[in-house]
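Structure, as structure tokens:
Derivation of every value follows stated rules applied to the coordinates shown; laboratory data play no part. A quick note: this is a predicted structure, and the numbers were derived from the prediction, not measured. FYI the Cβ positions are ideal-geometry reconstructions off the backbone, even for glycines, and counts take in every protein chain you see.
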Amino acid sequence: MSIDHALLEEETIDLVRDLIRIETVNTGDAEIGDGEARAARYVATRLAEAGIGSEYVEPAPGRGNLVARIPGSDPSAGALVVHAHLDVVPVDGAWTVPPFAAEVLDDRRHGEVLYGRGAVDMKGFAGTVVAAARALRRARVVPRRDLVLAFFADEEAGGTWGAQWLVEHRRDLFDGATEAIGEVGGFSVPVAGVARRAYLLATAEKGVGWGILRARGTAGHASRPTRDSAVARIARAVAAVHDHEFPVRRTEATAAFLAAFGELTGRDLTGDGAGLDRELDRLGFVGEIARAGLRNTATPTVLSAGRKANVIPGEALAEIDTRILPGCEGEVEREVERLVGDGVEVEWRSMPPIAAPAGAPLVEALRAAVAADDPDGVVVPYLLPASTDNKNLARLGIAGYGFAPLRVPDDFDAFGMFHAVDERVPLSALRFGARVTARIFRTA
């Protein structure tokens, strides 16, 4: 039997709207209510209606996760994990519509648009995954490989009660899995000067390191300044980190991105200095995405010293956020420690970068799935400068890719919707994503 695409598309929209209406705001606290639990149980119910069993896991009260496995026709093929997180970030700012009402508004440029926290990040894909699984079961289609459908809690706070917990305590749920797809990627972006679209595929993610800088000095009364001021020492250290620019490093993912966009646009993206910066500027927000993957970064974010204006504190602290390219593990930490100099201690905690092969057969399957619906679309690898649950799955040897397909209008920045006021997605993009996702399920 063939898949009823009209029903698939409408179910996708209905499921996404239902999930948005379940408030799953993650503040980062351990106790945030039962929103994630209700969302996971809702997904379990909708899968069960199609005869798909699942396992619900609640590591802490209200922190619900759900994992389902759909057997494939080829037992020798590694299972594919398809994952989405059910939590969303808090709501700030003045929204056009209530952020959890899942209202659909007409937009003169983008057609019907669904508003709501999680529309893109990432209840849109969660609903799409459920709808695609239901469509395959209705059509009695057996996927080529096992599909492990995972709906995680707590991604927005690092996965302590979600993917991280399951990887550490229930790795059996991912037995036989070799690859995974989730966020952030799959959204179409315009190719400047060419009537084609690029669908960005995250084949790598920067690592994340957090450093606490600590300087000590002689405390005393401010009327008698000391030469070994902790405040001055930490200020010099922070300035040195801020002023430093790491060199351009072309990882496999970034090199593939620059080669593809160079070929598509005819621009010279082979340099590594001002010329490359100028060419990336001409690519618009797409160039900014590429630029973020070219260098390691170290960014001061928090300063803390003293409690009273007339007291010289004996200690001053600063915190920095570092983003680390694949292959540069340890290098950034050493450079930061060199920059801050003697007299400043640095304490680190980090998550390493990850990278998956840009030329894997799965990548070709994704390309084919997109091309069937958009012959002018091209899937282009890139390096994600942030983190997803793929980092947790990588601890099990699972190669992670960011690809939640959406074809959006050229002037619609899907990346800009993450954590934004008036987060939204065109319904046409969800319909496209549903068709492509169902095709991936069948053939990947």
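For this structure, a couple of remarks:
- Ratio Rg/Rh [Cα only; Rh per Kirkwood] for the stretch 215-329: 1.22
- From its DSSP helices (H runs of at least four residues, each -39,500 (n - 2.57)), the chain gives a residue-normalised ellipticity at 222 nm of -10000 deg cm²/dmol.
- Around the amide H of VAL88, modelled in the peptide plane, lie the amide H atoms of THR24, VAL25, ASN26, all under 5 Å away and 5 or more residues distant in sequence or on another chain.
- Considering only the chain, percent of DSSP beta bridges that pair antiparallel, nearest 5: 70 percent
- Along each principal axis, taking the top coordinate minus the bottom one, the Cα set of the stretch 333-410 gives 60, 33, 19 Å in descending order.
- The stretch 226-259: trypsin sites (Lys or Arg not before Pro) falling in loop per DSSP and having at most 13 other Cβ within 10 Å: ARG227
- Percent breakdown of C-alpha pair distances by 10 Å bin, ordered from the shortest bin, for the stretch 23-67: 31, 48, 18, 3
- Helix runs (DSSP H) in the chain reaching 18 Å along axis by Cα, Kyte-Doolittle at least 0.5: 230-243, 252-265, 361-373
- Protection proxy ranking, peptides 355-368, 262-275, average beta carbon neighbours within 10 Å, highest first: 355-368, 262-275
- In angstrom, the C-alpha Rg and Dmax of the stretch 206-275 are 21.6, 65.
- When only the Cβ of Lys, Arg, Asp and Glu is charged (+1, +1, -1, -1), the dipole of the chain relative to its Cα centre reaches about 300 debye.
- For trypsin sites (Lys or Arg not before Pro), the sites in the stretch 280-316 that DSSP calls loop and that have at most 15 other Cβ atoms within 10 Å are ARG282, ARG307, LYS308.
- Amide H contacts of VAL194: none lie under 5 Å away among residues 5 or more positions distant or on a separate chain (H built 1.01 Å from N in the peptide plane; Pro and chain starts excluded).
- Fraction of C-alpha pairs exceeding 17 angstrom in the stretch 26-111: 65 percent, rounded to a whole number.
- Under-5 Å amide H pairs with VAL302, H placed in peptide plane, nonlocal only: GLU319
- Percentage, to the nearest whole number, of Cα pairs in the chain over 32 Å apart: 42 percent
- DSSP-loop GluC sites (Glu not before Pro) across the stretch 4-65, with at most 12 other Cβ within 10 angstrom: GLU31
- Approximate spin-label separation VAL346-THR45, in nm, with each point projected 7 Å along Cα-to-Cβ: 5.2 nm
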